[in-house]
Amino acid sequence: MQQSTRATEMGGEAWRVFKIMSEFVGGFDLLRDIPEAVTIFGSARTPTDHPDYQAARRCAELFAKRGRAIITGGGPGIMAAANQGAYEAGGCSIGLNISLPMEQEPNPYQTHALHFDYFFARKVMLVKYSRALVLFPGGFGTLDECFESLTLMQTLKMPAYPVMCYGTEFWSPLIDWMRGTLSERFKTISPGDLDLLRVSDDIDEIVDVVDSHIKGGTGLCELPEVKGPAGEVTAEGTRVGVSTRNTTFAKHSPDEPAI
């Protein structure tokens, strides 16, 4: 009986791949023809009367007036603010919604909407079609997206593009910690890695930096050029890189520590 139950569970896991595949296909199909896009992240808990809400709304409005699509997670708070700014400006306002046990509720300002069950599929879509990220004060999800994008650029899995953080009061303590602890004390990042992002209190500056990049400029810092097959782009939107499949690993006995 236990073997039968286990087999059924394993079979269910395998068939779930088709659901995952459908989320990628839906995202590729909807987003492939949108205008050049900017993804805006921030807290789902920001109330409509908060200054950050109004700043995100204005930021998205300015981008939309320059012909840029706006991508958000489709929920309330900063996501709703960004979708609202793009929507009211007559722009392309995209919400990539996620099914959660609580808190997530689709906002009404989406001209294009997708619904995901899987966070990882949604995260690919949030970055694959974006030319820049604008990060407003937020929680774990906002920080997750920030560090994932920085990691992809730091490892050259994708070209550098602007990662703009709005709000010095919110972001400066984190930047100071990364500089003092990660870079200077423990040396777990290079000093130049912090050039991958910029903090600003000026919405106009954020929009101008991003727009300049989309029109042919670079990211906030120069990264090494990746040439040849390693620089080719995958369907996920990241570079192929150098394959580890042909790597020869040194063999050692179970009693001998690896070097």
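The values are calculated or read from the model by the stated rules, or taken from the named source; none is laboratory data. As the structure is a computational prediction, the values presented were derived from the model and not from experiment. Neighbour counts run over all protein chains shown; Cβ positions are idealised from the backbone, glycine included.
Here are the numbers:
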read-out: Members of region 203-221 that are exposed (fewer than 12 other Cβ atoms within 10 Å of the Cβ) and touching a helix residue (DSSP H, G or I) at 6+ places or on another chain (Cβ under 9 Å); value: Asp204
read-out: Residue that is over 17 Å from the mean Cα position of the chain (by Cα), closer than 17 Å to Ala132 by Cα and either of a type in the set (A, V, I, L, M) or at pLDDT 90 or above (or both), where the choices are Val242, Val226, Val207; value: Val207
read-out: Qualifying residues in region 179-202 (those that are more than 17 Å from Leu152 (Cα to Cα) and of a type in the set (A, V, I, L, M)) - the one surrounded by the most Cβ atoms within 10 Å (Cβ to Cβ); value: Val199
read-out: Every pair of residues 6+ apart whose Cβ atoms lie under 9 Å, when the first sits in region 157-177 and is under 12 Å from Val199 (Cα atoms) while the second is hydroxyl-bearing (Ser, Thr, Tyr) and surrounded by 15 or more Cβ atoms within 10 Å (Cβ to Cβ); value: Val163/Ser149; Met164/Ser200; Cys165/Ser200; Tyr166/Ser200; Gly167/Ser200; Thr168/Ser200
read-out: Among the candidates Arg198, Arg179, residue that is among the basic types (Lys, Arg) and either modelled with pLDDT under 95 or in a strand (DSSP E or B) (or both); value: Arg198
read-out: Residue count for region 156-176, restricted to those that are of a type in the set (Gly, Ala, Ser) and in a helix (DSSP H, G or I); value: 1
read-out: Flag for Glu145 being surrounded by 11 or more Cβ atoms within 10 Å (Cβ to Cβ), under 23 Å from Arg32 (Cα atoms), among the acidic types (Asp, Glu) and modelled with pLDDT under 90; value: no
read-out: Counted residues, region 81-140 - those being in a helix (DSSP H, G or I) and surrounded by 15 or more Cβ atoms within 10 Å (Cβ to Cβ); value: 15
read-out: Hits in region 62-76 - residues which are in contact (Cβ under 8 Å) with a residue 60 or more places away in the chain and assigned to a loop (DSSP other than H, G, I, E, B); value: Arg66, Arg68, Gly73
read-out: Residue among Thr48, Thr39 that is farther than 16 Å from Gly167 by Cα and under 20 Å from the mean Cα position of the chain (by Cα); value: Thr39
